[in-house]
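So the structure is just underneath, and the comments pick up after that.
The values are calculated or read from the model by the stated rules, or taken from the named source; none is laboratory data. Bear in mind the structure is a predicted one, so any value in this text is a computation, not a measurement. Here Cβ is always computed from backbone atoms with ideal geometry, including for glycine, and neighbour counts include all displayed protein chains. With ligands, DNA and RNA removed, areas are computed over all heavy atoms of the protein, side chains included. Shrake-Rupley method; radii C 1.70, N 1.55, O 1.52, S 1.80 Å.
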Amino acid sequence: YKASETGKIEVPLEKVQTTMAINSSIDYFREKLDQKGIALYFTPPRNISAILADPVTLVSSVLNNIITNAIKFSPTGGSIKIKSYEEDHFVIIQISDSGIGIPEKIMKNIFNMKKATTRKGTNGELGTGFGMPILKIYMDKYGGEVEIRSHVKLAETDKSGTTFKLKFKRYMETEMKFII
């Protein structure tokens, strides 16, 4: 991450198969999902365009950061839903969980590398607070966008959870590979 941020290495953008990237991340967390009893739902669409990204950082620094947090902050027996779809000239990957939500105090600094945003998960899991700032940096490098909606349970009847909506440029066959 640091080498990429300072320009010591470049992040090559290329054609990435959306479903393959999502499945790669899901496979990585299969054991953790089973250990915590969390159901993960993903039904790949029949036809979805490839996206413009770096396949390594997309899985390791973007998708994995969201899914690990979804697991960490969901209760035992919770659920995670992933869907992907096209909207205009973009591909959207949406990841929703049934977790405890992100308090406003953390949400306002969630992408800030210098502010404390870490907290323990529902089973005491530890974090560093660096995952979301790193995710944002890579999404910016891809020319993408991140939208977060979160609800913290305030009363017994409230639902809680967080949804990440990642917006990627669709890969067009006429585009050249870009390096940023």
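Residue-level analysis places residue 69 among those that are open to solvent by less than 60 Å² (accessible area, probe 1.4 Å) and in contact (Cβ under 8 Å) with a residue 40 or more places away in the chain. Just so you know, in the stretch 37-47 the residues that are modelled with pLDDT under 95 and of a type outside the set (D, E, K, R) include one that is least open to solvent (accessible area, probe 1.4 Å), and it is 45. You will find that of 92, 110, the residue that is modelled with pLDDT under 95 and within 14 Å of the chain's Cα centre (by Cα) is 110 and no other. Of the residues in the stretch 7-23, not one is open to solvent by 30 Å² or more (accessible area, probe 1.4 Å), closer than 22 Å to residue 122 by Cβ and of a type in the set (D, E, K, R). The criterion of at least 2 residues that are of a type in the set (D, E, K, R) is met by the following helices (runs of 4 or more DSSP H) wholly inside the stretch 62-143: 104-107, 131-141. Checking each residue in the stretch 80-93 for being open to solvent by less than 30 Å² (accessible area, probe 1.4 Å) and of a type outside the set (A, V, I, L, M) picks out only 84. Taking each residue of the stretch 16-45 that is under 30 Å from residue 172 (Cα atoms) and looking for partners that are open to solvent by 40 Å² or more (accessible area, probe 1.4 Å) and at pLDDT below 95 with beta-carbon atoms closer than 7 Å, six or more apart or interchain, yields 19/44.
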